Structures are given as structure tokens and as C-alpha cells.
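Throughout, read-outs are computed from the coordinates displayed, never taken from laboratory work. Since the model is a prediction, treat every value here as computed from it, not as a measurement. Note that we place each Cβ from the backbone using ideal geometry, even for glycine, and neighbour counts take in every protein chain shown.
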Amino acid sequence: MTRRDRIASSFNRASATYNDAAQLQTLAAQALAAQILSAPPHNPRALEVGCGTGGLTHLLLPRLPGHWIVTDIAPAMIDSLRQRFPTLDAQLRSMDGEAPDLPPESLDLIVSNLAAQWFEDLSAGLARLGHCLKSQGRMVVTTLGRASLEQWKNAVAAIGHQAGTPAYPTAEEVRAMLPGASVTANTLTMTYGNAGEFLKSLRTIGATVPAKGYQPLPTPILRQAMTQLGAPCSISYEILTLDWTKP
Ligand SMILES: C[S@@+](CC[C@H](N)C(=O)[O-])C[C@H]1O[C@@H](n2cnc3c(N)ncnc32)[C@H](O)[C@@H]1O
């Protein structure tokens, strides 16, 4: 099984529980929707990548009518979206956002909330999505930045090990991926009763696949890291918002 298949399976399994623990994603979706709706294109041909259960979708589609293609790599997430918002006017289908099977220069708008951090190669994925945009088309995407999960990474490092958190890019690195893009960083901090609750929240939303090649920590080491994190514990997420208009 490839890492991509494992990511899709993990989100498929989590499709029924995702909404119970998606507070971070909801906050990010609200801010992203406001940014997109501040300059909405008229009747766009639009794509959403990594829709999940529709956290961003339901905020945008009723306010931004157009021809929407709403996609995710995990079919069960799309089924969950369909059940949650049965009246949304969109073509719903599974698609790997890193390899969009859409014609070049066919879209006016691409949006995505907290899905691109799962791409194997963010730069190449964004470039391929960019090819699907028409000139003057806009891509507005949130992803995780380098400073995300710092407290967990520090707790694991303090006991002499490395966390399985992928090496997310800095804002400067994302800016360099699409010349002319604006990339803003915003930190959201979530508080959990203890480390067990934090790790359970990741499982509940399906965010379980570690960095490529990472060997999970043996249980006794994991327990030490959880104790090191303390209780209650705060975990910060650096949300990078990329906003790019194609020249
Ligand atoms: C953290 S959830 C975010 C879902 C939704 N956008 C939201 O705001 O609640 C990440 C979503 O990205 C999807 N995903 C991961 N890798 C993907 C890829 N390569 N292409 C498309 N979707 C992907 C997952 O299946 C999952 O539904």
C-alpha cells in the first residue's frame, strides 16, 4: 500500500467520526471562506480539493453559485458530505488533488482547506493545480506550516526521539512555490485535557499517517512522550493561507 492509499484509507475510516473532532478545521474553513468571499468571482467554474465532510463546501457554495466540482481522495468522506448537505449544487467525486484530471486552463477558482498538507510533493501538486486555472483564475488554499504541533514535537524530542509529524514548509517556502502568491500565517492553539485526548482527536479525524518512512514509537516511549507533554496540554497549528492569482 502506498502512503497515499494509507491516507485515503485513514480518512475513509474516519468519515463517520470526523465532525466530532474537527474544531481546528472548522475555524480555518470559516476564515478561508471569508477571504474567498471578500472578492468572489462571478459564476465561476470552481474546484474544491480535499472537501472532507464539507466544512468549507457548505460555507461557500450557497454564497458563491457557479459550476462546482467538489473532490476528495477518500470516497467515504464524499458520501458523508452528501448525507450532511444533500441539497448542495455540485458535482461530487473522488480525485487526488495532487494529480487533477481536469483540462488545462479550465477553472476560474480552486479552493482547499487543510488538505494540501497531505500531498507528497506540495510544490508539484500546486503547480499541477495551477495548470488547471485560466489566466486571472484564483487559487486560495490553507495548509499546515512548519511551526505546527511544536509542543508535541518538543515533548518527543525531550525524551530523545522524533515525532512522526511531517516536515511542513515555512510561509517563505510556500511563497516560492507559486511566484506572486500571497502567503499569510496564523496560529491556532487547541487545548486538550491530556495527551491522550490530543492523540485521540487526530485518530477521530483520520490524521493518523506519519511522515514518509517514519517508524511509530514503541508504546512505552509514546507513554513517556505523553507524560512529557503534560496535562492539560496546548497544541498549536500554524495555518498558512496561500492566495494566488494566475498571471
Ligand atoms: C483535515 S481533512 C479537511 C477536510 C475539509 N476540507 C475540512 O475543512 O473539514 C483533509 C481532507 O483531505 C483529503 N485528502 C488528503 N490527501 C488528499 C489528496 N491528495 N487529494 C485530495 N484530497 C486529499 C482527506 O481525505 C480529507 O478529507
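Quick look at the values:
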quantity	calculated
One residue from Ala22, Ala34, Ala16 being touching a helix residue (DSSP H, G or I) at 6+ places or on another chain (Cβ under 9 Å) and buried (at least 18 other Cβ atoms within 10 Å of the Cβ)	Ala22
Residue list for the range 13-27, restricted to those being closer than 7 Å to Ile205 by Cα, among the hydroxyl-bearing types (Ser, Thr, Tyr) and near the ligand (Cβ under 10 Å from one of its atoms)	Tyr18
Among (1) over 28 Å from Ala39 (Cα atoms); (2) of a type outside the set (Val, Ile, Thr); (3) in contact (Cβ under 8 Å) with a residue 60 or more places away in the chain, the one test that Gly164 misses	(3)
Subset of the range 168-203 [closer than 23 Å to Gln224 by Cβ and either under 21 Å from the mean Cα position of the chain (by Cα) or of a type in the set (Phe, Trp, Tyr) (or both)]	Met190, Thr191, Tyr192, Glu197, Phe198, Leu199, Lys200, Ser201, Leu202, Arg203
Which listed residue is in contact with a strand residue (DSSP E or B) (Cβ under 6 Å, 6 or more places away or on another chain) and either surrounded by fewer than 24 Cβ atoms within 10 Å (Cβ to Cβ) or under 23 Å from Glu238 (Cα atoms) (or both), from Pro65, Pro40, Pro44, Pro86	Pro44
Test for Pro166: is it at negative phi and assigned to a loop (DSSP other than H, G, I, E, B)	yes
The range 119-145: number of residues that are within 9 Å of the ligand (Cβ to nearest atom) and in a loop (DSSP other than H, G, I, E, B)	2
Residues located in the range 82-99, provided they are near the ligand (Cβ under 9 Å from one of its atoms) and of a type outside the set (D, E, K, R)	Ser94, Met95, Gly97, Ala99
Members of the range 68-83 that are of a type outside the set (A, V, I, L, M), surrounded by fewer than 22 Cβ atoms within 10 Å (Cβ to Cβ) and in contact (Cβ under 8 Å) with a residue 24 or more places away in the chain	Pro75, Asp79
Residue check for Thr53: within 8 Å of the ligand (Cβ to nearest atom), hydroxyl-bearing (Ser, Thr, Tyr), buried (at least 23 other Cβ atoms within 10 Å of the Cβ) and closer than 30 Å to Gly213 by Cβ	yes
